[in-house]
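Please read the structure below before turning to the comments.
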Amino acid sequence: MADGHIVHGGALISCPHGGRAISAGGAGTRAGVGAEVLIDGASVVTAAEVITVSGCPHSVDRRPRPCTTIRWPPDADDHAVRVDGVPVLLTGSTGGATGMCFSADLVPQGPPVIASVHRGRGGRQGVSSR
């Protein structure tokens, strides 16, 4: 069963080294998946989106090897929350092999961290669809 809060464009996402991830919150997704479903006015983030990372200080043998992207493989979970057939990201979906940060040459560098998901008034998230 899917568990966690839906991640949207207002979420604070980072690589495991502290680099900031910038989510287009649906605008950068493949074929616009998620762009029409809003949480508190921001588009949901789906597993189809490749998120850009900036400011990662990671190095290997004193050579910079920063995280540059975060990618999520399609989720095979039959109970996943989906938008147009693509799983949405949940705060509980970032651990293990689910999400992964990559260097520019696509070397895996560790799982992403979702530090906070903005919540609407009264602790509720407002959901809408256009």
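Sorting 57-63, 47-53 by average packing, meaning the other beta carbons within 10 Å per residue, from highest down gives 47-53, 57-63.
Stretching THR52 away from LEU106 to a fully extended chain increases their span by 18.2 nm, per 0.36 nm per residue minus the current alpha-carbon distance.
Based on the Cβ-Cβ distance from ARG82 to ARG20, what FRET efficiency comes out when R0 is 25 Å, to the nearest 0.05? Walk me through the numbers before you get to the answer.
Details: r = 27 Å, r/R0 = 1.09.
Rounded to the nearest 0.05, the efficiency is 0.35.
Maximal additional length on extending the THR91-ARG71 stretch stands at 5.7 nm, based on 0.36 nm per residue less the C-alpha distance.
Computed from the coordinates by the stated procedures, all read-outs in this text should not be read as laboratory data. What you see is a predicted model; the values in this text were computed from it and never measured. Note: ideal-geometry Cβ built from the backbone for every residue, glycine included; neighbour counts use all protein chains shown.
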